[in-house]
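J.: I'd like to ask you about the structure that follows.
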Amino acid sequence: MTPFPFFNSFWTLLCQMSWPLLLGYFAAGIISQFISPEFIARHLGGKGLWQTIKASLFGIPLPLCSCGVLPVAESFRKIGVGRGALTSFMISTPQTGIDSIAVTYGMLGPFFALFRPVAAFISGVAGGIAVEFFGGMADKDSSADGQNEKGSSCCKSCCERKDSSVSDENPKEVGASAKFASAIRYGFSTLLGETAKSLLTGLAAGAILNMMVPDSFFEKIASAGGLVEMLAMLAFGIPLYVCASASVPVAAVLIAKGISPGAAFVFLMTGPASNTVSFTFMLKMIGSRGLLIYLLTLASSALIFGSIVDLLPFRMISDAASHCSSSEALSLLDNAGGILLAILMLRPVLAWIQDGIRRKR
């Protein structure tokens, strides 16, 4: 098999998600100028239901992955944010973000784009409340600071992110032009650089699924029934590390291959919100019982919301995603977006190559 079908599928997915993703990066940069992690932390101190709700609401627009959310949550813990609010933040934040909402709208349609943050909010609040009341005592966290680097190693560049692009600016530079320039740098340089590897991985996975995995494979899973289909996506999504934006092309290909929209939604919830490497870090923050509640809440919420998606008469969800794996002719605008996004990704890709060469030496 020649490599060209892979590159054709990869390029199609890249072009189709380019403009929504670029819009998302721009919006994330603008948000970074007005909603910083420090601002959020000031409003989440203490314990209680309201703090848990606010933690979920604050986390939804932030473009943080399941690893990148950990150092931010650790900073919250140090100033006294309760475990319920921490859990709510860690469940809801990685599932979505302003960038992934834009990509979801562009590739899966408006229903998924709206339903995804709603599910993230409800699951986050549910998990926070459960940990608040049933989490028991947290494990000793004397080594939590030491675990910060270790637990977040799954996404080192993401976790090394400065809390806010504003913090890098001179305090006197508060004019509109300075804020706009800082937003552009954060969105299209810092944030894109931190998520480019995950995005490329997600695109490659989607292209490989589209090219190599026959439709009959997914038809067998789909024919097993809704629950079995969702459990398969659950087992696939929980241990995997994939950011919220990168999960969208994979979900689109899964739907196009015959997986139900509800089962794909299970993957959209669990893939970004969990990965095996981050579990060690969370164990120190919310305790072993809290971690168990975290996973049970995420899994049960994904199954519930996935079932709701399949029960609703929104078959256009499948139609909206079916074109994402096809090789239909791309418009000039689509190709222009793909070229622009590829150029912006070139810098972090070259940095990874140089880093790899230095390590070999």
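J.: Could you tell me the calculated FRET efficiency between Ser288 and Thr201, based on Cβ-Cβ distance and R0 = 30 angstrom, to the nearest 0.05?
T.: Working from the Cβ atoms, E equals 0.50.
J.: In what order do Tyr186, Tyr105 fall by count of nearby beta-carbon atoms within 10 Å, going from fewest to most?
T.: Neighbour counts put them in this order, fewest first: Tyr105, Tyr186.
J.: Would you give the gap between the C-alpha center of region 8-31 and the C-alpha center of region 227-268, rounded to a whole Å?
T.: About 20 Å separates the Cα centre of region 8-31 from the one of region 227-268.
J.: If the chain between Val228 and Arg358 were fully stretched, how many nm would it gain, using 0.36 nm times the residue separation less the Cα-Cα distance?
T.: 42.2 nm
J.: At a 10 Å Cβ-Cβ cut-off, how would you order Trp11, Trp352, fewest neighbours first? Don't skip to the end; give the middle numbers.
T.: Values: Trp11 19, Trp352 14.
With the sparsest Cβ surroundings first, the list reads Trp352, Trp11.
J.: If you stretched the chain out fully between Met212 and Phe34, how much longer would it get, using 0.36 nm times the residue separation minus the C-alpha to C-alpha distance?
T.: 59.6 nm
Any read-out appearing in this document is the output of simple, stated calculations on the displayed coordinates, not a laboratory observation. If you're wondering where the values come from, they're calculated on a predicted model, not measured in any experiment. Cβ: placed from backbone, ideal geometry, glycine included. Neighbour counts: every protein chain shown.
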